[in-house]
Amino acid sequence: RASVRLYHERVVDHYNNPRNVGSFDKNDPSIGTGLVGAPACGDVMKLQIKVDDASGKIVDACFKTFGCGSAIASSSVATEWVKGKPMVEVLTIKNTEIAKHLSLPPVKLHCSMLAEDAIKAAIKDYEEKRTKASGEGANAC
Ligand code: FES
Ligand code: FES
């Protein structure tokens, strides 16, 4: 076979059949939204998590990525990896693990970085909303 494979088959699979594409209501208090962009290429990724407030576990996740195939594949993998996991555990996911899983070439590392940044931004958004909500509750007392 003489064909040159530019991308690992997992990238092609996640690009052709991205998991968890969609949107949640960003105003829902149990939803965290991470919106990040890559200055180098202008690609944008939105990753959202749905959190069970009591346990801090991520029960669902979805994404919308306007970007290259590697960014789409990275966000697809990221949503699969975060589902069912506690937020504290998810914060340790490294872009290099995603890149390794997808066998991304070095020039595509920043695409997986978007996914790591988006996960962190989504958790931060959730936590900020939660703090704000409890603050408002306290004021009402
Ligand atoms: Fe989908 Fe591993 S091939 S997360
Ligand atoms: Fe920029 Fe992939 S080329 S996110």
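Whether any residue in the stretch 51-58 is within 28 Å of ALA133 (Cα to Cα), touching a Ser or Thr at 6+ places or on another chain (Cβ under 6 Å) and in a strand (DSSP E or B) is what I want to check.
yes
Scan PRO39, PRO29, PRO18 and give me the residue that is buried (at least 16 other Cβ atoms within 10 Å of the Cβ) and part of a loop (DSSP other than H, G, I, E, B). Break it down stepwise before answering.
On the way: PRO39 fails: buried (at least 16 other Cβ atoms within 10 Å of the Cβ); PRO29 fails: buried (at least 16 other Cβ atoms within 10 Å of the Cβ).
Going through PRO39, PRO29, PRO18 in turn, the sole match is PRO18.
For the stretch 62-82, name all the residues that are over 23 Å from CYS41 (Cα atoms) and either within 11 Å of ligand 2 (Cβ to nearest atom) or touching a residue at least 60 places away in the same chain (Cβ under 8 Å) (or both).
To start, the set of residues in the stretch 62-82 that are over 23 Å from CYS41 (Cα atoms) comprises 80-82.
If the condition is that a residue be over 23 Å from CYS41 (Cα atoms) and either within 11 Å of ligand 2 (Cβ to nearest atom) or touching a residue at least 60 places away in the same chain (Cβ under 8 Å) (or both), then GLU80 is the only one that fits.
Out of THR33, THR79, THR65, report the one residue that is closer than 19 Å to GLU128 by Cβ and among the hydroxyl-bearing types (Ser, Thr, Tyr).
Numbers: THR79 fails: closer than 19 Å to GLU128 by Cβ; THR65 fails: closer than 19 Å to GLU128 by Cβ.
Going through THR33, THR79, THR65 in turn, the sole match is THR33.
Can you list residue pairs whose Cβ atoms sit under 8 Å apart, with the first residue in the stretch 29-50 being touching a residue at least 60 places away in the same chain (Cβ under 8 Å) and the second being of a type in the set (S, T, N, Q) and surrounded by fewer than 21 Cβ atoms within 10 Å (Cβ to Cβ)? Count only pairs 6 or more apart in sequence or on different chains.
LYS46/SER23; GLN48/SER23
For the stretch 20-59: of the residues being of a type outside the set (S, T, N, Q) and within 16 Å of ligand 1 (Cβ to nearest atom), which is farthest from GLY84 (Cα to Cα)? Even if it seems obvious, please write down each step before you answer.
Step one: list which residues in the stretch 20-59 are of a type outside the set (S, T, N, Q), which gives 21-22, 24-26, 28-29, 31-32, 34-47, 49-54, 56-59.
Subset that is within 16 Å of ligand 1 (Cβ to nearest atom): 21, 47, 58.
Details: VAL21: 17, LEU47: 15, ILE58: 5 Å.
Going through the qualifying residues, I end up with VAL21.
Mind listing whichever residues of the stretch 59-85 are in a loop (DSSP other than H, G, I, E, B) and modelled with pLDDT under 95? Let's see the steps before the verdict.
Applying the first criterion (in a loop (DSSP other than H, G, I, E, B)) to the stretch 59-85 yields 67-68, 83-85.
Once the filter is applied, which keeps residues that are in a loop (DSSP other than H, G, I, E, B) and modelled with pLDDT under 95, the stretch 59-85 yields GLY67, CYS68.
Can you confirm whether LEU114 is closer than 15 Å to VAL44 by Cα, out of contact with any Cys (no Cβ under 6 Å at 6 or more places or on another chain) and surrounded by 18 or more Cβ atoms within 10 Å (Cβ to Cβ)? Step through it out loud before you land on a result.
On the way: closer than 15 Å to VAL44 by Cα: yes; out of contact with any Cys (no Cβ under 6 Å at 6 or more places or on another chain): yes; surrounded by 18 or more Cβ atoms within 10 Å (Cβ to Cβ): yes.
Considered against the rule, which asks whether it is closer than 15 Å to VAL44 by Cα, out of contact with any Cys (no Cβ under 6 Å at 6 or more places or on another chain) and surrounded by 18 or more Cβ atoms within 10 Å (Cβ to Cβ), LEU114 comes out as yes.
How many of the residues in the stretch 1-36 are at pLDDT 95 or above, closer than 16 Å to SER112 by Cα and touching an Asp or Glu at 6+ places or on another chain (Cβ under 8 Å)?
Selection size over the stretch 1-36: 2.
Go over the candidates LYS85, LYS26, LYS46 one by one and state the one that is basic (Lys, Arg) and within 16 Å of ligand 2 (Cβ to nearest atom). Working first, answer last.
Numbers: LYS85 fails: within 16 Å of ligand 2 (Cβ to nearest atom); LYS26 fails: within 16 Å of ligand 2 (Cβ to nearest atom).
Of LYS85, LYS26, LYS46, the one residue that is basic (Lys, Arg) and within 16 Å of ligand 2 (Cβ to nearest atom) is LYS46.
Could you say whether any residue in the stretch 88-100 is touching a strand residue (DSSP E or B) at 6+ places or on another chain (Cβ under 7 Å), surrounded by 13 or more Cβ atoms within 10 Å (Cβ to Cβ) and at pLDDT 95 or above?
Taking the stretch 88-100 first, the residues touching a strand residue (DSSP E or B) at 6+ places or on another chain (Cβ under 7 Å) are 90.
Filter once more, keeping what is surrounded by 13 or more Cβ atoms within 10 Å (Cβ to Cβ): 90.
In the following step, the residues that additionally are at pLDDT 95 or above were identified as 90.
Looking for residues that are touching a strand residue (DSSP E or B) at 6+ places or on another chain (Cβ under 7 Å), surrounded by 13 or more Cβ atoms within 10 Å (Cβ to Cβ) and at pLDDT 95 or above, one finds at least one in the stretch 88-100, hence yes.
The values are calculated or read from the model by the stated rules, or taken from the named source; none is laboratory data. Owing to the predicted nature of the structure, the values given are computational and were not obtained by experimental measurement. A quick note on method: Cβ atoms are made from the backbone with ideal geometry, for glycine too, and the neighbour counts reach across all protein chains shown.
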